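Written out below as structure tokens is the structure these notes cover.
The values are calculated or read from the model by the stated rules, or taken from the named source; none is laboratory data. Please read all numbers here as calculations on a predicted model, not as lab measurements. Here Cβ is always computed from backbone atoms with ideal geometry, including for glycine, and neighbour counts include all displayed protein chains.
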Amino acid sequence: RMSFERLPQVTLGISGAIISCCALLSSVSLRSPDLLESGGFLGKTVFTLIYSLLGSTGTVLILVLVLIVSLMLSTQFSPYQLIGLIWRSLRGLARGIFGVLGFAVQKVKNRPKKAPKVKKERSAPLVKTEIEPEKSEPVVQPVVKEFPKPEEPEDERKNFHAAPLAKGNWKLPPLSLLARNKQVTEKVDKNVYLKISKQLEQKLKNFGVSGKVVGISPGPVVTTYEYSPAPGIKINKIVGLADDLALGLKAQSVRVIGSVPGKSALGIEIPNEVRQVVYIRDLLGSERFKNNRAKLAIVLGLDVVGTPTIADLSRMPHLLMAGATGAGKSVAINSIIASILFNATPEDVRFLMIDPKRIELSGYEGIPHLLHPVVVEPKLASRALIWAVREMERRYRMLEEARVKGFDSYNEVAEEKLPYIVIIVDELADLMMVASKDVEGAIARLAQMARAAGIHLILATQRPSVDVLTGLIKANFPTRISFKVSSKVDSRTIIDGSGAEHLLGMGDMLYMPPGTSTIKRVHGAYISEQETAELVTFLKKQGEAIYDDSVLEQVEEEGQLAGEGGEDDYDDRYDEAVAFVCDAGQASISMIQRRLRIGYNRAARIIEMMEKEGIVGPADGAKPREVLARKSYE
């Protein structure tokens, strides 16, 4: 389509072309009588006028120049374009000719030379042997897999809509609190991967290792090259060349993993030139996370081929994390906490956070999911862990009374459901320095028995040494995550193998799933401090936190009880609770908890004290307790 602004320009160009053509035809008719008056009256007039001024040669030059300018004006065709077109055509033709000549020369060079003639000896006749020509193996290009694009989450109302749940008026946080993934995913040319694969083969060949790259799997951070070594090549020899390959390929680090399942090849992971950020919003909006119904479902990140890695903390059942400073450990903890907060209410999950560094977990202060304010003193942290041991024992007694074997089975039959308790320790090394004996014993006992009681541990440390991660702790934590460390010794301390020293940092981790010794590389999900603050603000608007003061008081009371001969504690709000139960005619832990605005464990101890004094009857599985005393109680 022609724009209206160019209409005068096109009109002028066409008019000039017509006039110049007519004048040129008139100049031809003057020389050839057969073409008399071929230019018409207009052409003859223009030609005669210019001819009287410039003569025959000048008139023709002027008319040709006017014709060219008129055509350029009407079609916007520049002579530079014509010259460029001609130049490109000639250059392409020259390349083709030189390519054919080069191919012919190379073919002549590769032609087998004739063997020199050997004089035959008459005494011994020659034995003719036919040598079959070697068949050249066909060149097989490695298969380049397509990198899966991150799933675009649908409307937040369909995924995590802030709608009231069945119990109370609690609303789950919407995905709109998290930042969108605004990265532009540029499609990398396959020739780039093929070029790197050729360089990889050549570098290994320089070190005496022959083989072929048979497959390429691009990922968000690294690309895995499936390398099939020649027969007789040991894998340990290739593993030992990781640093040399990184130097030769100009990469930050190169990691060589074991055999690829289903193929006679091993994986060589090379970092991408452009690293992509894994946003937690993409993982929380993925189908894999939405289809996971577990209350303790957590997102870890994307694996090396871009598949979301979702785990269930209740099946781990505990998690050990370690890595150097700045490797992404704190961001991973925030991602795990956010995964649970987006999926569970305070009635489902309660947190007990221990943060000796005072800055990492203090931002969650005041959310309704907290069981106690964030513990920042290392000496008080040992008390909190001992309280968790006693809470575990109390829950086991409840399971015994209900005659069930697991936490989920108890919640199915019990009138008052118990919440999961997730204990998070951000820096285990500080606790081990202050009270290693109490901390190690409490952690070991919780790790051995707390799964059936619904209590789960997440331990993190930046000093993965044997005096912090003792054998007793490691033996009870089959699920481990290692971030970037400084040496192979630290890597072996965490995951019982090397490889963590070759990680890239910024959330790059090695994940050891429960029940297996295989190690999986995962690029951790990213959540910013602003997103965490908005999530905490949304949760605080839902309600206030109801803390259980007995978390740190119980150990102190233990010493008092021992000195007083084991007398029962008297709660200062016990009489108020008894009066409320007698007036209501029924007794339950949640009723006392809501009425007196106290913690769950304190309300449970009040109910137990009422049972000892004969005010309420014993628990009978899922049936409510019978109130034996009525309003006559004073």
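Does TYR511 qualify as being in contact with a Phe, Trp or Tyr (Cβ under 7 Å, 6 or more places away or on another chain) and under 22 Å from THR309 (Cα atoms)? Can you show your working first?
Numbers: in contact with a Phe, Trp or Tyr (Cβ under 7 Å, 6 or more places away or on another chain): no; under 22 Å from THR309 (Cα atoms): yes.
In short, no.
Just to be sure, is SER382 assigned to a helix (DSSP H, G or I), of a type outside the set (Asp, Glu) and over 19 Å from ALA447 (Cβ atoms)? Give the derivation first.
Values: assigned to a helix (DSSP H, G or I): yes; of a type outside the set (Asp, Glu): yes; over 19 Å from ALA447 (Cβ atoms): no.
No.
Conditions: (1) buried (at least 16 other Cβ atoms within 10 Å of the Cβ); (2) part of a helix (DSSP H, G or I). GLU393 meets all but one. Number of the miss?
Evaluating GLU393 over (1) buried (at least 16 other Cβ atoms within 10 Å of the Cβ); (2) part of a helix (DSSP H, G or I) leaves (1) as the failure.
Does VAL485 qualify as being outside the structural domain of ASP243 (by TED's automatic domain parsing), touching a residue at least 12 places away in the same chain (Cβ under 8 Å), surrounded by 19 or more Cβ atoms within 10 Å (Cβ to Cβ) and assigned to a strand (DSSP E or B)? Let's see the steps before the verdict.
Values: outside the structural domain of ASP243 (by TED's automatic domain parsing): yes; touching a residue at least 12 places away in the same chain (Cβ under 8 Å): yes; surrounded by 19 or more Cβ atoms within 10 Å (Cβ to Cβ): yes; assigned to a strand (DSSP E or B): no.
Judged against the criteria, VAL485 is not a match.
Can you find a residue that is closer than 17 Å to ARG293 by Cβ and at pLDDT below 95 anywhere in segment 315-333?
Taking segment 315-333 and keeping what is closer than 17 Å to ARG293 by Cβ, we get 315-316.
Next, from what is left, pick out any that are at pLDDT below 95: 315-316.
So far as segment 315-333 goes, yes, one or more of its residues are closer than 17 Å to ARG293 by Cβ and at pLDDT below 95.
Condition check: outside any loop (DSSP other than H, G, I, E, B) and modelled with pLDDT under 90. Does VAL192 satisfy that? Talk me through it step by step, then tell me what you get.
Details: outside any loop (DSSP other than H, G, I, E, B): yes; modelled with pLDDT under 90: yes.
Yes; evaluated as a whole, the condition is true for this residue.
Would you call GLU427 farther than 30 Å from GLY617 by Cα and either among the aliphatic types (A, V, I, L, M) or surrounded by 15 or more Cβ atoms within 10 Å (Cβ to Cβ) (or both)?
Working: farther than 30 Å from GLY617 by Cα: yes; either among the aliphatic types (A, V, I, L, M) or surrounded by 15 or more Cβ atoms within 10 Å (Cβ to Cβ) (or both): yes.
So GLU427 passes the test.
Pairs only if they're at least six apart or on different chains, beta carbon under 8 angstrom, first in segment 47-59 and small (Gly, Ala, Ser), second at pLDDT 80 or above; list them, first residue then second.
Pairs that qualify, where the first residue is small (Gly, Ala, Ser) and the partner is at pLDDT 80 or above, are GLY58/ILE50.
Being in contact with a strand residue (DSSP E or B) (Cβ under 9 Å, 6 or more places away or on another chain) and free of Cβ contacts under 8 Å to residues at least 24 places away in the same chain is the requirement here; does ARG288 meet it? Can you show your working first?
Details: in contact with a strand residue (DSSP E or B) (Cβ under 9 Å, 6 or more places away or on another chain): yes; free of Cβ contacts under 8 Å to residues at least 24 places away in the same chain: yes.
So ARG288 fits the description; yes.
Which condition from (1) small (Gly, Ala, Ser); (2) on the phi < 0 side of the Ramachandran plot; (3) modelled with pLDDT under 90 is the one that GLY168 breaks?
The number of the failed condition is (2).
Can you report the number of residues in segment 214-241 which are farther than 29 Å from GLN183 by Cβ and either surrounded by 19 or more Cβ atoms within 10 Å (Cβ to Cβ) or in contact with a strand residue (DSSP E or B) (Cβ under 9 Å, 6 or more places away or on another chain) (or both)?
Step one: list which residues in segment 214-241 are farther than 29 Å from GLN183 by Cβ, which gives 214, 227-241.
Among the residues that remain, those that are also either surrounded by 19 or more Cβ atoms within 10 Å (Cβ to Cβ) or in contact with a strand residue (DSSP E or B) (Cβ under 9 Å, 6 or more places away or on another chain) (or both) are: 214, 227-230, 233, 235, 237-241.
Counting residues in segment 214-241 that are farther than 29 Å from GLN183 by Cβ and either surrounded by 19 or more Cβ atoms within 10 Å (Cβ to Cβ) or in contact with a strand residue (DSSP E or B) (Cβ under 9 Å, 6 or more places away or on another chain) (or both) gives 12.
Just to confirm my filter: which helices (runs of 4 or more DSSP H) fall fully inside segment 546-621 and include at least 3 residues that are hydrophobic (A, V, I, L, M, F, W, C) and at pLDDT 70 or above?
Because the criterion is at least 3 residues that are hydrophobic (A, V, I, L, M, F, W, C) and at pLDDT 70 or above, the helices (runs of 4 or more DSSP H) in segment 546-621 that meet it are 574-584, 589-596, 600-612.
Scan segment 180-187 and tell me whether some residue there is touching a strand residue (DSSP E or B) at 6+ places or on another chain (Cβ under 6 Å), surrounded by 15 or more Cβ atoms within 10 Å (Cβ to Cβ) and farther than 30 Å from GLU534 by Cα.
Among the residues of segment 180-187, not one is touching a strand residue (DSSP E or B) at 6+ places or on another chain (Cβ under 6 Å), surrounded by 15 or more Cβ atoms within 10 Å (Cβ to Cβ) and farther than 30 Å from GLU534 by Cα, which makes the answer no.
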